[in-house]
Amino acid sequence: MRNFFILFILHLYILNVQGQEIAILKYDGGGDWYSNPTALKNLIYFSNKNINTSIAPQPSIVHPEDPKLFSYPFIHMTGHGNVVFSDEALKNLKLYLIGGGFLHIDDNYGMKPYILPQLKKLFPEKELKEISIDHPIFNIHYTFANGLPKIHEHDGQPPQALGLFHENKIILLFTFESDLGDGWEDPTVHNDPEDVRLKALKMGANIIKYAFEF
């Protein structure tokens with residue numbers, strides 16, 4: 001197990017240096033993991049153009065039980081509904097995250113009550129912590145002086161960015177009441193003003209940069 005762990009970390013390092021693929025998490029439970037189908041493609045394009053990443057233009061799709069999970073330095077998860085992680089999925093995800101991987105969960109409205117119990121199973125010893133506005137994730141490339149931007153309105157609540165930390169690094173980012181992924185979609189999907197969409201893309205680029213460099 002120790003040798004596998006070392007090889008996994010080395011593999012992620014090589015990916016970070018030579019170029020990357022990133023992936024969408026295909027989870028069980030009936031939730032629509034496939035929502036926002038154009039979002040990650042557009043974020044990849046924006047990041048490659050503006051923050052000098054070299055990510056493959058199309059995201060992959062990976063199930064948390066799949067060994068290919070360990071091939072991706074960044075995984076994105078979204079949806080509106082139920083989420084269930086099997087014991088094998090929990091085992092894989094935990095090893096992936098403490099080994100250097102990064103999971104961004106963006107609540108597309110309605111995911112929160114389902115994902116939080118799963119995160120407690122994933123890391124029962126850890127608590128989600130609100131990320132302070134002076135954290136590098138909010139200024140690593142683009143500056144967000146007020147923290148996570150609000151992209152879409154739902155319940156009139158402020159946007160929040162919560163993190164699970166390992167050795168002082170965010171390994172899992174949970175964003176809600178923001179809908180970053182909606183802002184990454186093709187402009188015609190939600191007809192967001194260009195300045196709002198740009199905020200979403202810039203915040204997404206910050207998240208990717210943080211995941212790759214910290």
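A few notes on this one:
- Figure legend. Inter-residue proximity from the stretch 147-162: first residues touching a residue at least 40 places away in the same chain (Cβ under 8 Å) and on the phi > 0 side of the Ramachandran plot, second residues hydroxyl-bearing (Ser, Thr, Tyr) and assigned to a loop (DSSP other than H, G, I, E, B), beta-carbon distance below 6 Å, spacing 6+ or different chains. No pairs are indicated.
- Matching residues, the stretch 124-158, being of a type in the set (D, E, K, R), more than 14 Å from Tyr210 (Cα to Cα) and part of a loop (DSSP other than H, G, I, E, B): Glu125, Lys126, Glu127, Lys150, Glu153, Asp155
- Residues of the stretch 177-214 that turn out to be exposed (fewer than 15 other Cβ atoms within 10 Å of the Cβ) and in contact with a strand residue (DSSP E or B) (Cβ under 8 Å, 6 or more places away or on another chain), as a count: 1
- Test: Asp28 is closer than 22 Å to Asp179 by Cα, of a type in the set (Asp, Glu), modelled with pLDDT of 95 or more and within 17 Å of the chain's Cα centre (by Cα): no
- Scanning the stretch 63-102 for residues that are hydroxyl-bearing (Ser, Thr, Tyr) and outside any loop (DSSP other than H, G, I, E, B) turns up Ser71, Thr78, Tyr96.
- Restricting the first member to the stretch 195-214 and to residues that are of a type in the set (Gly, Ala, Ser), and the second to residues that are not in a helix (DSSP H, G or I), the beta-carbon pairs closer than 6 Å and six or more apart or on different chains are Ala200/Ile151; Ala205/Ile51; Ala211/Phe74; Ala211/Phe102.
- Filter pass, Asn50 being more than 17 Å from the chain's Cα centre (by Cα), more than 19 Å from Gly163 (Cβ to Cβ) and surrounded by 16 or more Cβ atoms within 10 Å (Cβ to Cβ): no
- First in the stretch 105-134 and on the phi > 0 side of the Ramachandran plot, second anywhere and assigned to a loop (DSSP other than H, G, I, E, B), Cβ under 8 Å, 6 or more apart: Tyr109/His80; Tyr109/His152; Tyr109/His154; Tyr109/Asp179; Gly110/His80; Gly110/Gly81
- Restricting attention to the stretch 171-196, the residues being closer than 19 Å to Lys209 by Cβ, in contact with a Pro (Cβ under 9 Å, 6 or more places away or on another chain) and not in a loop (DSSP other than H, G, I, E, B) number 3.
- Residues considered: Gly181, Gly204. Of these, the only one that is under 27 Å from Lys94 (Cα atoms), touching a Leu at 6+ places or on another chain (Cβ under 6 Å) and not basic (Lys, Arg) is Gly204.
- Remark: Ala161 matches the filter, which requires a residue to be part of a strand (DSSP E or B), out of contact with any helix residue (DSSP H, G or I) (no Cβ under 7 Å at 6 or more places or on another chain) and within 18 Å of Ile105 (Cβ to Cβ).
- Checked against (1) at pLDDT 95 or above; (2) among the small types (Gly, Ala, Ser); (3) buried (at least 18 other Cβ atoms within 10 Å of the Cβ), Ala56 passes all but condition (3).
- Tally of residues being in a helix (DSSP H, G or I) and surrounded by fewer than 18 Cβ atoms within 10 Å (Cβ to Cβ) across the stretch 108-123: 6
The values are calculated or read from the model by the stated rules, or taken from the named source; none is laboratory data. Just so it is clear, the structure is predicted and the values come from calculations on it, not from any experiment. Cβ coordinates were reconstructed from backbone atoms using ideal geometry, including for glycine residues, and neighbour counts include every protein chain displayed.
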